[in-house]
1. Once you place label points 7 Å from the Cα toward the Cβ at Lys150 and Glu41, how far apart are they in nm?
2. Setting aside same-chain residues fewer than 8 positions from Lys2, which aspartates and glutamates have a Cα under 18 Å from its Cα?
3. I'd like the FRET efficiency for Ser87 and Thr129, computed as 1/(1 + (r/R0)^6) with the beta carbon distance as r and R0 of 22 Å, rounded to 0.05.
4. Where a Cα-Cα gap under 16 Å defines reach, which aspartates and glutamates qualify for Lys150, not counting those fewer than 8 residues away within the same chain?
5. Would you mind computing, in nm to one decimal, how far apart the modelled labels at Asp160 and Ser31 are, each placed 7 Å from Cα along Cα→Cβ?
6. Report, to the nearest whole %, how much of the accessible area of the chain belongs to carbon and sulfur atoms, 1.4 Å probe, protein only.
7. Taking H as built 1.01 Å from N, whose amide H comes closer than 5 Å to the amide H of Ala127, not counting residues under 5 places away?
8. Quick one: which residues, 5+ away or cross-chain, put their amide H under 5 Å from the amide H of Ser80? H built at 1.01 Å from N.
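The values are calculated or read from the model by the stated rules, or taken from the named source; none is laboratory data. Values in this document were obtained by computation on a predicted structure and should not be read as measured data. Every residue, glycine among them, receives a Cβ derived from its backbone with ideal geometry; neighbour counts consider all protein chains shown. For accessibility, only protein heavy atoms count, side chains too; no ligands or nucleic acids. Shrake-Rupley method; radii C 1.70, N 1.55, O 1.52, S 1.80 Å.
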Amino acid sequence: KKLHEFAFSFEEDGFRTNDMMALSEHLTATSAITQLALQKEPDQRIWATRADGTLLTFTYLRPQSVAAWSRQVTQGAFTSAAIIPGSGSLSEVWVIVRRTINGATRRYVEVFDLAGLYYPTLNTDSALTYDGPPVASVSGLGHLENMLVKIVADGFVYPDQVVAGGTIHLD
């Protein structure tokens, strides 16, 4: 329920611990942190899974005096997070998400596109992309059966649709 920094203080000529949750105790008041993952590039962040499936993000930039928490929520529950090397000096954030799709519980491995490398305006969970000639429907979405999905096509946001028979239809 707490996260402390252990840092040397030149003013005190010794180590001190700072409570990094002091202004955000509400984030762990009802559900404790179960796992931590440290990301160093492009920004220093700690990703923390909570017992209730929420993912917390702690952005920490000591030289700029930035210490900020945020919550990531999804349709389902974040059960694990890991940081792996990406292209160049970037780190990639990978998560395991437990989702109930069409009455069945499944786990998905997903990656956060934090740098907008794949599609700069996607910003959706469990996203898929299609690049090809115009189509009237997109199939192969059985893993999202009966789920409400968002659609971005040709740079426009289309009305949400429910996946039926593994397919959505486009105007």
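1. 2.9
2. The qualifying aspartates and glutamates are Asp19, Glu25, Asp52.
3. 0.80
4. Asp125, Asp160, Asp171
5. 1.9
6. Taking all protein chains in place, the chain shows 54 percent carbon and sulfur surface.
7. So Ala127 has HN proximity to no qualifying residue.
8. Placed amide hydrogens put Ile96 under 5 Å from Ser80.
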